[in-house]
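Below: the structure, in structure tokens.
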Amino acid sequence: MFSSFFQTAANSPFRSPFTRVQCAEDGNSVAVATPAVGTDPQPVVGREIAAAASSSSSTDSCEFGSNKYFALCGIGGILSCGTTHTFVVPLDLVKCRLQVDPAKYKNLVHGFKVTVAEEGARGLVKGWFPTLIGYSAQGLCKFGLYEVFKVKYAEIIGEEKSYLYRTYLYLAASASAEVFADVALAPFEAAKVKIQTMPGYANNFREVVPKMLNEEGIGAFYKGLVPLWMRQIPYTMMKFACFERTVELLYKYVVPKPRSECSKPEQLVVTFAAGYIAGVFCAIVSHPADVVVSKLNQTKGASAGSVVKSLGFWGMWNGLTPRIIMIGTLTALQWFIYDGVKVALGIPRPPPPEKPASLK
């Protein structure tokens, strides 16, 4: 049943599985509806399907849209999210403390000084283990499911609408993926915030889990799920949609040659630049919810509404500068690593979408 879907998905990221490419009488390639899904249409002998040539090559390790493709994308997500978030744990720790106790930690530099003075240099890496596990799980779902939903939604709305409304396609696919990604992240995020914002409560993940279970039960690990959705879903929507459109615009207006003529290192430079631009917007959009999550997980028995009321409007913008630095760097590195993993593993990397022939 899925053979037609996988075969057509390999041709283009925005091609319906119920269409095939054949040559019209005038020699131009057109998409024609195929009524029988189970049939296996063959291309015209001697002709190369342009869409297939643009989205895959002989060096690819799998077909675009195949189960192996989605699985490898998930591995790329694990490596990109898990490693980058763990790398910036010191900055994340100070950012969280700025959010929950601005009186003690006055700014980014002061926050580092106070933390090192009180806990030593080792205090800056508190919470690294739940960060590594939690964001690896989140990356698996975020990137892997994004690719799944992008292909599935494109299949539903068809090739033309997938191109015309591609920004909405990116937004919908990324939001859908993040819903599941946050369920995987929430328990580890709750444990991480406890370790980082409550000195003396617990020194590591092994200590904090039984303590949270004894005091608040299993709900302690998921009480921040809704605020986490409020933070991460807008963040991820901006992260993917802004990145996809920025890459498209960079190749169109900034890069002096088409992507097909760029070397792999040159393409990865474009990826990093687009990722950083997307990261700045991500940080701004999701910051108020990030402050609420940090404060909520720090305060026992608090609710999202009570936290918002106590913080006030300006209080929800505490720690914005370090978060812009952190998220901008994180997002750029994540896309760089993710795209680098695709290159290393031979995962298909379709070029920026082009207008279908039917719309030209």
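The values are calculated or read from the model by the stated rules, or taken from the named source; none is laboratory data. Being a predicted model, the structure only gives us computed values, none of them experimental. With ideal geometry, Cβ positions are generated from the backbone for all residues, glycine too; neighbour counts draw on all protein chains shown. To get the accessible areas, we keep the full protein, side chains included, count just its heavy atoms, and leave off ligands, DNA and RNA. Shrake-Rupley method; radii C 1.70, N 1.55, O 1.52, S 1.80 Å.
Along the range 80-97 the Karplus relation, 6.51 cos²θ - 1.76 cosθ + 1.60 evaluated at θ = phi - 60°, assigns HN-Hα couplings of 6, 7, x, 5, 5, 5, 5, 4, 9, 3, x, 5, 5, 4, 5, 4, 4, 5 Hz to successive residues, with x for each Gly and Pro. With the convex hull drawn around the C-alpha atoms of the range 248-350, the volume per residue stands at 136 Å³. Over the range 109-214, the alpha carbon radius of gyration divided by the compact-protein estimate 2.2 N^0.38 Å works out to 1.51.
How large is the dipole of the range 230-276 about the Cα centre if only Lys and Arg carry +1 and Asp and Glu carry -1, each at its Cβ, rounded to the nearest 20 debye?
Details: 7 positive and 4 negative charges, 21 e Å.
Roughly 100 debye for the range 230-276.
In the complete set of protein chains, residue-level accessible area for T329 is approximately 40 Å², probe 1.4 angstrom.
In this structure, the pairs whose alpha-carbon distance is over 30 Å, taken from K211/K239; K113/K142; K104/K211, are K211/K239; K113/K142.
Note on I337: accessible area is roughly 50 Å² with a 1.4 Å probe, heavy atoms of protein only. Each Lys and Arg contributes +1 and each Asp and Glu -1, all at the Cβ; summed about the Cα centre of the range 243-360, the dipole is approximately 160 debye. Computed with a 1.4 Å probe on the full set of protein chains, the accessible area for K342 sits at about 20 Å².
Quotient of the Cα radius of gyration of the range 299-360 and 2.2 N^0.38 Å, N being its number of residues: 2.00.
Partner aspartates and glutamates whose Cα lies under 18 Å from the Cα of K68, excluding those fewer than 8 positions away in the same chain, are identified as D60, E147, D339. Summing +1 for each Lys or Arg and -1 for each Asp or Glu among the other residues whose beta-carbon sits under 12 angstrom from that of D290 gives +2. Overall size of the range 224-294 from C-alpha positions, given as principal axis extents largest first: 46, 19, 14 Å.
Other residues with beta-carbon under 15 Å from the beta-carbon of V94 carry, at +1 per Lys or Arg and -1 per Asp or Glu, a net charge of +4. Each Lys and Arg Cβ is given +1 and each Asp and Glu Cβ -1; about its Cα centre, the range 308-360 then shows a dipole of about 140 debye. Counted by Cβ distance under 15 Å from D60, the other residues give a net charge of +1, where Lys and Arg count +1 and Asp and Glu count -1.
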